[in-house]
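The structure appears right after this line, and notes come after that.
A short reminder: the numbers here are calculations on the coordinates, not readings from a lab. Keep in mind the model is a prediction, meaning the values are calculated, not measured. All Cβ positions, even for glycine, are placed from backbone atoms using ideal geometry, and neighbour counts span all protein chains on display.
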Amino acid sequence: MLKVKELKEDAMMDIKVNRSFYLMAKAASYTILQSMGIQEMKNGDEYFKKIIKEKYEDLDDTQRAFYTIILLLAEIEKQATENNLYVEKEILEPDDEGYVEPKI
């Protein structure tokens, strides 16, 4: 017999998240998004709304992964807003004077 640990049904935890973890989660969401081919979709917003409205069990594996990461990011951003943890900064756009193409 194999024993595994699983969270209790009513378990709720507070998890500390730093900027690095947040950026990793955002990068993961972008990677999943790329694999979904959403960039080419004309009705991307409708597609995202459909994912959110559907039952988790009815989503495919990629949609589930994306949904999970988006929920995580939404909670991080909600708490960051509530706790005034954002720093606003301006970034130059391609048509702005002084714009430099980002290097990968």
Rounded to the nearest 10 degrees, what's the angle between the helix 19-36 long axis and the longest principal axis of the chain, both from Cα atoms, 0 to 90?
90
What's the ranking of 20-31, 75-86 by average number of surrounding C-beta atoms within 10 Å, highest first?
20-31, 75-86
So what is the relative contact order for the chain, in percent, with contacts set as C-alpha pairs under 8 Å and at least six apart?
26
By how many degrees, 0 to 90 and rounded to 10, does the Cα axis of helix 44-53 deviate from the longest principal axis of the chain?
20
Taking the dipole of the chain about the Cα centre (Lys, Arg +1; Asp, Glu -1; charges at Cβ), the one of Met1, Val87, Ile15 that reaches farthest to the positive side is Met1
Of the cross-linked pairs Lys5/Lys49; Lys16/Lys89; Lys53/Lys103; Lys26/Lys50; Lys53/Lys78; Lys5/Lys50, which ones have a Cα-Cα span greater than 28 Å in the structure shown?
Lys5/Lys49; Lys53/Lys103; Lys5/Lys50
Can you give me the angle between helix 61-82 and the longest principal axis of the chain, using Cα atoms only, in degrees from 0 to 90, rounded to the nearest 10?
70
In 5 Å bins starting at zero, report the fraction of Cα pairs in segment 19-82 per bin as a rounded %.
4, 17, 25, 26, 17, 9, 2
Size of electric dipole in segment 19-82: Cβ of Lys, Arg +1 and of Asp, Glu -1, about Cα centre, debye, nearest 20:
160
